[in-house]
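Taking it in order: structure first as structure tokens, then the write-up.
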Amino acid sequence: MSLPEMVRQVREKLGFRAQVRAGWGTSEDAFEWWRRRVEAQGVLAVMLPLEPGEARGASMWEDPAVPAVLINRGDQAAGRLFTLLHEYAHLLLRQSGAVCDFCGGDEGQGMTEVLPNRLAARLLLTQEEFAARLGELELAHPRSRWSDRLLDEVRGPFRVSRDVVAIFLEEQALAPPGFYRRKRAAWERQRPFFRGGPGGNTHRTRREQRLRMIGYGMAGVLSSLFAAGKVSVLDLSEVLELKVERAEEFMEWVRSAGLDRDGIDAGNDLMS
């Protein structure tokens, strides 16, 4: 299957259209929209607070296990969104099982990252939208150097990370070969995406913030296991990072609100 056809199918399955962006007030809203759609396909999307040097993301799907992606909770929302779709692409391509370096290079592990990078970028942004934005900014010509400031100008209205812009620029020969790899390496040294964490929660209750952190898929799984007596309240407390009594209250709220019904269906076929 060609990349454009795969992008079309995945966008259609997840229900994404350009008009959907109008409903996002922040990059956090964009991340949560995509996360809910990915979880609805039977994927656990788990966020954990990892050390900056550990990883941005990872994916795993070993039959008959449930497909899962790991996202570094310390990343900024736009970065977490790219990680989510990059790892989801690995699952679609059945290339799971490794921690991703996102290097985008042309040797070693980088070879397995190129297609997931491109798929994630094109899910978030079409070539037509990208070209129109460059034309608007009078940047539709090759450059030997693209500053982070210019990347930020291009990505602004789309709620995407710099990764997406850098990938498009190199793919369309508007930046020199190896551009994304070099940018990614520079960002890793700077760690700019770890300056913030999940934001945009000031208007949400603590329960809603906790649900947003662990995801609906994980909430559904924990609810089912806890109700079946397969997870102790102490384990639940540790996973949720809550006191024992608060953990029980949280699970009761999830069940009473019917949020556990939004959990995963391990039997889903991602590309059915």
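The values are calculated or read from the model by the stated rules, or taken from the named source; none is laboratory data. Given the structure is predicted, the values throughout are model-derived calculations rather than measurements. A quick note on method: Cβ atoms are made from the backbone with ideal geometry, for glycine too, and the neighbour counts reach across all protein chains shown.
List of remarks:
- Cross-chain or 6+ apart pairs with Cβ under 7 Å, the range 223-238 first and in the same structural domain as F250 (by TED's automatic domain parsing) and under 17 Å from R210 (Cβ atoms), then surrounded by fewer than 12 Cβ atoms within 10 Å (Cβ to Cβ) and at pLDDT 80 or above: S237/K243
- Answer residue from the range 61-79, given it is among the aliphatic types (A, V, I, L, M) and under 18 Å from A40 (Cβ atoms) and is modelled with the lowest pLDDT among those: V66
- The set of residues from the range 203-235 being in a helix (DSSP H, G or I) and either more than 26 Å from A77 (Cα to Cα) or of a type in the set (F, W, Y) (or both) comprises Y216, S223, S224, L225, F226, A227, V233, L234, D235.
- Per-region count, the range 1-57, residues without any contact (Cβ under 8 Å) to a residue 40 or more places away in the chain, among the small types (G, A, S) and not in a loop (DSSP other than H, G, I, E, B): 2
- Some residue of the range 83-90 being acidic (D, E) and modelled with pLDDT of 90 or more: yes
- Residues in the range 69-78 that are surrounded by fewer than 21 Cβ atoms within 10 Å (Cβ to Cβ) and farther than 12 Å from M213 by Cα: Q76 alone.
- Of all the residues in the range 140-193, those that are of a type in the set (K, R) and part of a helix (DSSP H, G or I) number 8.
- When L81, L50, L14 are checked against the criterion of being closer than 15 Å to L125 by Cα and surrounded by fewer than 22 Cβ atoms within 10 Å (Cβ to Cβ), L14 stands alone in meeting it.
- Residue match in the range 240-257 (condition: loosely packed, with under 12 Cβ neighbours inside 10 Å, at pLDDT below 75 and closer than 22 Å to R35 by Cα): no
- Residue under evaluation E129, criteria (1) over 26 Å from Q76 (Cα atoms); (2) in contact with a helix residue (DSSP H, G or I) (Cβ under 9 Å, 6 or more places away or on another chain); (3) surrounded by fewer than 16 Cβ atoms within 10 Å (Cβ to Cβ), criterion not met: (1)
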